[in-house]
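One structure is given here, and the rest of the page talks about it.
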Amino acid sequence: MSSHARRTPVAVSLLVLLAAASGCSSKSAAPAGPPAPVTSFQPQACGYTVGAVDGFPSFDLHQDVGTGAPKHVRLGLGGQVAAGAAGYADPSTSFAVVWQTDDATTASKIKWGTSDAALSSQSTGVSYVIDPEFGNASKDGNRFHEAHVCGLQPGRTYYYQVGGGAAGAEQWSKVNAVTTAPASTAADPVLIGVAGDTRDNGNDTPLPVWKAISGRFKNSGAHVAVFSGDFVYTGGDQNLWDVWSNASDDTSGTVFFAMAPGNHENELLSYYAHVTMPGAVGKNYERYYSFDYGPVHVVTFDDYDGIITPSIDSTDYKTELLAWLDADLKKADQNRANVPWIVTVHHHGVFSSTSHTDRASERAAMVAAVQPLYDKYKLDVDIAGHDHFYERSKPMIGANPAATGGTTYVICGGGGAPHYTTLSGQTFSAKVQEYDESTQGLYGIVTATKTSFALKAYELSTATGTSPADDTVVDQLQLTR
């Protein structure tokens, strides 16, 4: 997919709007009749202004219009990306939701509460229509809605449903439950799912491996899942996104997915419509972000333009990203007494035993761009995909295994994409697990406390089992403080 022309500007988003508990206001709503579309607005109670960049459609403010049923409800997160600044992304006090309807439905409302029988609070969001960039339109609706909630309590379960519509004909999603991240002082462990490369070969198959893995995340009690990209074969084919969403519908309304794009998303607008992530206002909106989830600082970024493909870095993204990454990792390293573990998530691996020789230049680019920062700030774990197998490196400093300290590099690209073969005897490698995508899948579950970070990698069979307890553990990583 890297050969496809990239849409400019690269990263667009709307995805930082965080509508507050009391709704959102607009500076430019029309005084009468349908409100005019807006390109920026100030969500109430969340502390920041949101704007769209060139290339992304304007936002339509909520109206109780239409009778389209909400489909593909997905949990996300909004917020800014400067740690410590006002409005910084915070899953302990907020969440965001994105869903789809037919084009005519502009109702973008969320109701929530602490009981599924009493959704006593509500607010409204925005919507926008994404035309297919190439490939197929969405059979489940090309209008995407976002509604966001702030001011919640850490470590508490909330219930919500989304929808709205014409009076007497409202359409609502089922009631979902979401648990906010614990306070940094909490002692209970958090569970983080790890997956990537769920695509097939663009054949509209139902993605049974991804369906099984996403179900494992929900049934394991995972609070959040990190995803390293290549969701679908063609990032501008919205019908393929429907297939992906159908496979994870039972999970996506309950488990927060923290996503990074891969080369198959190819910087296309459809990717940014399907996810709701934090972002820095500007041309590179939503391409990098971080947040604290209990004892883990999660850093997620797009490594495609400027790093893997320097020739199409039209927004000077690489310079912006690395400056932000330096500042973010520095602050996280200084905050280890409160949040001891630092994990990065992106698509292209820094170390990998793939037999694909064309990946050598990609790995060299990743090493040159990010590894000096990882070594400088003593990153604990780096998670990537792109290569379709599982691999864990030895702790590394520079190009060498470390006697003490070092960063562990994990490839977890076994979500259903065609399998790759591997090379043996790589000096950096501690464990490699290949797989057969027709019957198996590979995923991980992290269990983290302030003193322990444990990653278990699992191999599943799509024919049996519903939880990690039914699958085979193929690798374990244990870090302690």
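Throughout, read-outs are computed from the coordinates displayed, never taken from laboratory work. Here the structure is a predicted model, which is why all the values come from computation and not from measurement. We place every Cβ from the backbone using ideal geometry, glycine too, and count neighbours over all the protein chains shown.
Annotations
- In sequence order, region 394-410 has phi-based couplings of 5, x, 10, 10, x, 8, 10, x, 9, 5, 9, x, x, 9, 8, 9, 10 Hz under the Karplus curve 6.51 cos²θ - 1.76 cosθ + 1.60, θ = phi - 60°, and Gly or Pro positions carry x.
- Dividing the convex hull volume of the alpha-carbon atoms in region 190-480 by its residue count gives 118 Å³ per residue.
- Taking amide H as placed 1.01 Å from N in the peptide plane, the amide H of ALA280 sits under 5 Å from that of GLU286, ARG287, TYR288, each at least 5 places away or on another chain.
- Amide H contacts for ALA225 (H built 1.01 Å from N in the peptide plane; partners 5 or more residues away or on another chain; cut-off under 5 Å): GLY193, PHE256, PHE257, ALA258.
- For LYS378, the lysines whose Cα falls under 27 Å of its own Cα, not counting residues fewer than eight places away in the same chain, are LYS318, LYS330, LYS331, LYS394, LYS431, LYS450, LYS456.
- Beta bridge orientation in region 190-480: antiparallel %, DSSP, nearest 5: 65 percent
- Average Cα contact separation per residue, the chain, under 8 Å, 6 or more apart, as relative contact order %: 15 percent
- Taking θ as phi - 60° and the Karplus parameters 6.51, -1.76 and 1.60, the scalar couplings of region 148-161 work out to 9, 10, 10, x, 8, 9, x, x, 10, 8, 10, 10, 8, 8 Hz in sequence order, x denoting glycine and proline.
- Inter-probe distance in nm under a simple model that places probes 7 Å from Cα toward Cβ, at SER452 and THR357: 4.6 nm
- As a proxy for reagent exposure, ILE213, ILE312 were ordered by neighbouring Cβ count within 10 angstrom, fewest first; the result is ILE312, ILE213.
- Relative exposure of CYS412, CYS150, judged by other C-beta atoms within 10 Å (fewest first): CYS150, CYS412
- Residue-wise HN-Hα coupling along region 189-206, computed from phi with Karplus coefficients 6.51, -1.76, 1.60 (Hz; x: Gly, Pro): x, 10, 10, 10, x, 10, 7, x, 6, 8, 5, 9, 9, x, 9, 6, 6, x
- Centre separation in Å (Cα based) which lies between region 349-401 and region 58-119: 35 Å
- For ASP475, the residues 5 or more places off, or on other chains, whose built amide H falls under 5 Å of its own are ALA457.
- Footprinting exposure proxy for HIS356, HIS419, HIS62, HIS274 (fewest neighbouring C-beta atoms within 10 Å first): HIS356, HIS419, HIS62, HIS274
- Helix runs (DSSP H) in the chain reaching 15 Å along axis by Cα, Kyte-Doolittle at least -1.0: 208-220, 317-334, 360-376
- Summing charges over all other residues whose Cβ lies under 12 Å from the Cβ of GLY413, with Lys and Arg as +1 and Asp and Glu as -1, gives -4.
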